[in-house]
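We did not get these values from a lab; they are worked out from the coordinates using the rules stated. Being a predicted model, the structure only gives us computed values, none of them experimental. Backbone-built Cβ (ideal geometry, glycine too); neighbour counts: all protein chains shown.
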């Protein structure tokens, strides 16, 4: 029985092998990675060096007309730079769809694509975005407003180009139904809607982006710490608190109302059971204007009162961004970066504003007369005061944070609300199931080394109960602290006590943070040293009357090189090496072998930044 | 065409109460009523689609089934007549993609299924039981899983996005031979005596297959052609995954779902969807009705013993 | 059909069991005497006494096999070829000792101080009830020990029984599975034996065809076959040396250097430099391994073919030339010609992807590590463990919750369509109903319309601001639109009802076909016996239908478990259920395993590793159901009768 069947498979496999030859023919060309010629002309700004034809795919928002506008804009770009010919395939794709298709297979994804800021972290983790060149980063920072620049940055590195900075939300309402004086009270607005038999559209149970407004109103916050590879290292979130319960109580007023409709579509105004109020953003302006006609109006979000105290609803403010997929070919990558820069410049942003009403992120575009006069953007400006700039957030937070709204809808007692918040907190904490030693590990965090808002944790290594940090570049006026498990629960200040003041750095140059911690008393000692037993260098050899047994410590200099503390008597023929961390994994002499002293004398021994030994006469 | 109730039923009933015939008549009337109600339930949604496709007054769902003003606007919009550039729909392109796919698939799939089912039903060779059980086990895995790798392989052969049509044809037909049950059941019913007679006169197995069995298998061939033709019209999952957002490569199912996925889309294109649904359904239904005799025979004859 | 009708003729089914009252049973059932409690206790102790006595006697006079089965459970069965039983025993013993040593024993000891146990209780929310996990596990561990003793007893008693059978010379009972395994081992044994025998006994030609494929055929003049063999061997060696080996060697950790970005100062842009691509490594690696297996098979064909030629030459018979091969293709080996193309299609596009996806379940392949941008490597059983680890995410809870609904859905969908379809067919086929053809083609028309149009239309019909809500409001039943798809029970009922609307016409066709084949005289004789229509249905139509459509019922049950279109197109946009939400893949209450699998792969993290784990679990669930189903099926045994 085996013989006949195996013969079939044999023939089948023969064909498979042939196909594999064809298939992997393509496969193995990435083994000899194509190191393309980098020789090129002088100034990068004139694009004639990038002449050539490029076939690219572009995914833009699905709103009507945006795809065609982008095609004309690309054509304009080609006109401005005659040498470059771009045949672009432009598709209208919803933002969520374009982000997940990109991540599903980065290789088959579009070369240039638009997405909302909440997808940025996921895209960086999936290596679906090429970093911006340094010159481009400066240009973007100058041209756009601060929040949009910050929105395009992950862990201090810029990954994309801001296109709009109006990705916030406010309230559209039907003037004929809602009286002016009720605009600032959620309770009156709900009553008006119920009385008029109309709906109040706000996406509470279907999107965390909107329901977070209640939590910002009562002063809760949810901030995430992320490193530059987009790996999320921690969260500081106090939704699960009394303020959180108040927020949920406020939300319940709308959740439990008959008029509640969890949607943010501009077309709700002309739906079967029309809405009188829709909480949405500038992307719905066209649909709202069409539905409401001259009853069209917009203002900031209302306030709600719980136990006598009133809270004005907050909101997220964020940006829509354009990203470039990492390319293997330098010239294509450069052209795409220039095209993305062009598509996010003032001219294009204004064209988009005219077509679909998106508020520009470009500074002088914001000064444009029509932009100022736009009703929706004016409402957004009014709401900006309560808006929280949207930080980089973990991809799955958006699903998890819907939990409390869905449970609050059916909850009746405070305990149930508390329980909903507890499940919420347990789940987001679960996202960082830190290993045991990660929880115990101490890290240095502060405003230094270019990171000014205390976001990156610099790891420390423990050697016989003393924690050593790697060399950190300080500038006078920097400050730092040490904390455990990358969270502020356990942190030590310069006075050695828990939660003490920051450790202030007085002079420029490199330094090692050395820290000893006493668990019992929860106190510790922070020292800023020039040498370190783990990361520091030391000299050892047949010098100073010793035979390879005693280490002479070296100190790190402001320029990163190493120098022995004192000068030593060296005899001709002495041999030594400089080694790191009192071990032999990393050691330098004369290249690999020992450094031989030619002329005797008293010298300081120096290890230069490119690991060469030099003798400096005293 | 609802049957109106016979007016003077009560008087007749007393006269013929005892005889079996009236009992028969009453049950028949009840059965007729049930049949009418059931068929109304089954047909109404399609009638509603057709009615809504002629709705002129609004493109979003409204509360009236019968349109206030009849107009062919929706059908025209499908072919971008009288519509601005920015609201264009690529319906014609999607329709042609699906048509190509279903024709090519029908031919290849029928060939595959016939080969497999004739061999398994007619010939006794070693490993036959093993092969049938093996295919049964393979059928238990969810199809979508292999899609993840097939998409990567297809993108290697540049058959996704715009030319997803060819990628999908290969995917639909490659392992279509696993759906051999119905036609195997049909081949089982063809008596073996004819084959033996031909074999005795020295005909090779191939000639037996082509000259004797195949002509007799006309119903099952048409049944397989029909079901294979219907396949691509209904497939959504594989097509959406392979097409990778390229509107030119979509089939009708993915295109229309994409059109009304967002709430704005639904408001702008709902009646267009109804019109497209009618345009897609009519040709397929007409083809189905003409070949209905074979379809029914295939289903009743074959599916049962599969 | 013949089998069934003879059975009916013999009157097994026909005689309606109406005269139950005069049932004269032949055997008189002994009325059980009520035992008093004391006798019961005495009996119990006597039994325990026998047990202990038999424990020692078996050990003493049992054969060496029985003695060993005291230590290794099922050893006696294994040696005598009862492999299925032996495997069960061994698996139980391994699992028992693994669990007890690891945590079971500690839990039993903890039972000592109950107070401490109930305090440090770790709650687990399963079906939103808090369960004292620790307490339950401790009780479970004790029960496990008792069960182990029982299994241990069966092991040596079973082996002792085998000894007795052997002494009396009777045959050892073996299940089909055992025979299969034994044959397989024998077959492999022959293979290896023949490998050496042929080498020794074969002519010089056969010996050489061990090295050069098809050499024997070449010398005997079978040019075409030899050419094929040589071509295969040459291209195989070329492939392995240039590509295959490299891919296979990288299979251990699926790539070492990932891709990275280099800054190009002249053009002020970052350029991506490709590194290893784990996806391609796994793909081509596994392909190359399969290829090596194929090469071994072809190698075997080469020397076996040559050995056959030797035998033919010895007997002076003619060596089949290419002309004969051509004739075979059309005649004796025609089945192979027919099956080649389908076999290649199935191997390439179903078997190979399934193997690949099973392997993916043991890696960390997801959005962030998709092989192209980030490398993925083997992570062993981590993904399966994650399903049962309640700390980080209750994936286990979500899986069980969705599995239950999938099974309920499959039962509801299959049987509702089945019975309603049959009822409709009965109504149409009833005597005296005219225009049968018109009714039938009316329903057949609904099959013709592509499913996605009717399903999408239905889902928009019941949407929040869809037609149904509007009509209900217009007629005053409702004041505000009722969101069907957000409410769990409403969406589940709706999905089943719309599935009936989609599935019944097809079932009606099948039922019509079968009803026409039931011989009329069966109903005549039943009617003479005074059976009313309902009894006729229950005694003749239903058993007959079930008998015939048995396999169809099972395949449609499995089809419904993996029924993607109906659920996704109807309720794809349904809101996520809050408990399921936190468990990854944001499934809604109406989602089946298959749609959950789709949402996980296409969702926020495109978490393929979890998707393939769920795919494997779906496969297990479906295979268990079909194995049970096929064994219960009466018609499965006499398939030959239908020819």
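Compute the FRET efficiency between residue B:64 and residue A:231 as 1/(1 + (r/R0)^6), taking r as their Cβ-Cβ distance and R0 = 56 Å, and round to the nearest 0.05. Calculated transfer efficiency: 0.50.
Extension gain for residue A:78-residue A:610 works out to 187.0 nm (0.36 nm per residue, less the C-alpha to C-alpha distance). A Förster radius of 51 Å combined with the Cβ-Cβ distance from residue B:85 to residue A:440 puts the calculated FRET efficiency at roughly 0.20. Protection proxy ranking, highest mean first, for peptides C:423-430, B:36-43: C:423-430, B:36-43, where packing is the per-residue count of other beta-carbon atoms within 10 Å, averaged. Computed from label points 7 Å out along Cα-Cβ, the spacing between residue C:546 and residue C:192 is 5.0 nm. Residue ranges C:275-288, C:49-62 sort as C:275-288, C:49-62 when ordered by packing (mean number of other C-beta atoms within 10 Å per residue, highest first). If you count, for every residue in B:205-215, the Cβ atoms of partner chains within 10 Å of its Cβ, what is the mean? Averaged over the peptide's residues, the number is 2. Note: relative contact order over chain B, using C-alpha pairs below 8 Å and six or more positions apart, is 29 percent. Going by neighbour counts of Cβ atoms within 10 Å, the residues B:252, C:200, C:298 line up, fewest first, as C:200, C:298, B:252. Here the simple spin-label model places points 7 Å from the Cα toward Cβ, and for residue A:454 and residue A:470 these points are separated by 2.4 nm. Per-residue shielding of C:451-462, expressed as the average number of other chain Cβ atoms within 10 Å of the residue Cβ, stands at 6.
Averaging Cα coordinates gives a centre for segment C:158-175 and one for segment C:490-539; these two points are 50 Å apart.
With a Cα-only, solvent-free Debye model of chain B, what are the log10 I(q)/I(0) values at q = 0.11, 0.15, 0.16 Å⁻¹? So the normalised log intensities are -0.89, -1.19, -1.27. Among rounded, prolate and oblate, which fits segment C:194-259 when a ≥ b ≥ c are the square roots of the eigenvalues of its C-alpha gyration tensor, a/c under 1.5 means rounded, and a/b larger than b/c means prolate? Oblate shape, in that a/c is at least 1.5 and b/c is the bigger or equal ratio. Across chain C, C-alpha contacts under 8 Å between residues 6 or more apart give a mean separation that, scaled by the residue count, equals a relative contact order of 12 percent. Shape of chain C from its Cα gyration tensor (a ≥ b ≥ c, root eigenvalues): rounded if a/c is under 1.5, otherwise prolate when a/b > b/c, or oblate? Rounded, because the longest to shortest axis ratio a/c is under 1.5.
Quick check: the distance between the Cα centres of segment A:373-416 and segment C:230-275, to the nearest angstrom? Distance between centres, Cα-based: 46 Å. Take the alpha carbon gyration tensor of segment A:537-617, find the square roots of its eigenvalues, order them as a ≥ b ≥ c, and report rounded if a/c is under 1.5; if not, report prolate when a/b exceeds b/c, else oblate. Rounded, because the longest to shortest axis ratio a/c is under 1.5. Per-residue shielding of C:272-279, expressed as the average number of other chain Cβ atoms within 10 Å of the residue Cβ, stands at 5. Only beta bridges with both residues in the protein assembly as shown are counted; by DSSP, about 85 percent of them are antiparallel.
For segment A:45-125, the relative contact order comes to 37 percent (Cα pairs under 8 Å, sequence separation of at least 6).
A helix-only calculation puts the protein assembly as shown at -16500 deg cm²/dmol for mean residue ellipticity at 222 nm, using -39500 (n - 2.57) for each DSSP H run of at least four residues, averaged over all residues.
Based on the Cβ-Cβ distance from residue C:500 to residue A:419, what FRET efficiency comes out when R0 is 45 Å, to the nearest 0.05? That gives a FRET efficiency of 0.70.
With Cα atoms defining each centre, segment B:191-218 and segment A:185-262 are spaced 75 Å apart in the structure. According to a simple spin-label model (label point 7 Å from Cα along Cα-to-Cβ), what is the distance in nm between residue A:375 and residue C:333? Once both label points are built, they end up 8.1 nm from each other.
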